[in-house]
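First comes the structure, then the notes that go with it.
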Amino acid sequence: MNFTMAERAEAFYSGVKPITKDDIKTIQYDGRFPSCNQTKHCWQNFVDFHKCVKMKGEAYAPCKQFLKGYMSLCPNAWIEKWNEQLEAGTFAYKENLSE
């Protein structure tokens, strides 16, 4: 069964309680990204999530930290665009993040 990257990310969260407004928090400070512009931090979390899932599998719980990171930092339009690029095999990264 082939799933799109967006479906995989959503399935990754299946079984988790619904998110409430009290659950929404900004992710913690990351010393690799000291400036106010968080674009690179957003992109890196997106890449790290997909690398983690590819290497460790969807059941590996620490991958969720990267998912939480990019979901809180990245605009939805970027995420949709990157997921489309992953599915098409055109996402700009040195490794193939698709399966």
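The values are calculated or read from the model by the stated rules, or taken from the named source; none is laboratory data. Predicted model, so just to flag it, every value in this text is computed and none were measured. Here Cβ is always computed from backbone atoms with ideal geometry, including for glycine, and neighbour counts include all displayed protein chains.
Within segment 49-77, work out how many residues are more than 23 Å from residue 29 (Cβ to Cβ), surrounded by 15 or more Cβ atoms within 10 Å (Cβ to Cβ) and among the aliphatic types (A, V, I, L, M).
Going through segment 49-77 one residue at a time, the tally reaches 1.
Could you check segment 39-77 and list, in sequence order, the residues that are more than 19 Å from residue 92 (Cβ to Cβ), part of a loop (DSSP other than H, G, I, E, B) and not small (Gly, Ala, Ser)?
Hits for segment 39-77 are 58, 60, 62.
Please go through segment 33-85 and pick out each residue that is touching a residue at least 24 places away in the same chain (Cβ under 8 Å) and of a type in the set (Phe, Trp, Tyr).
43, 46, 49, 70, 78, 82
Would you call residue 80 of a type in the set (Asp, Glu), surrounded by fewer than 13 Cβ atoms within 10 Å (Cβ to Cβ), at pLDDT 75 or above and outside any loop (DSSP other than H, G, I, E, B)? Give the steps one after another, and end with the answer.
Details: of a type in the set (Asp, Glu): yes; surrounded by fewer than 13 Cβ atoms within 10 Å (Cβ to Cβ): yes; at pLDDT 75 or above: yes; outside any loop (DSSP other than H, G, I, E, B): yes.
So residue 80 passes the test.
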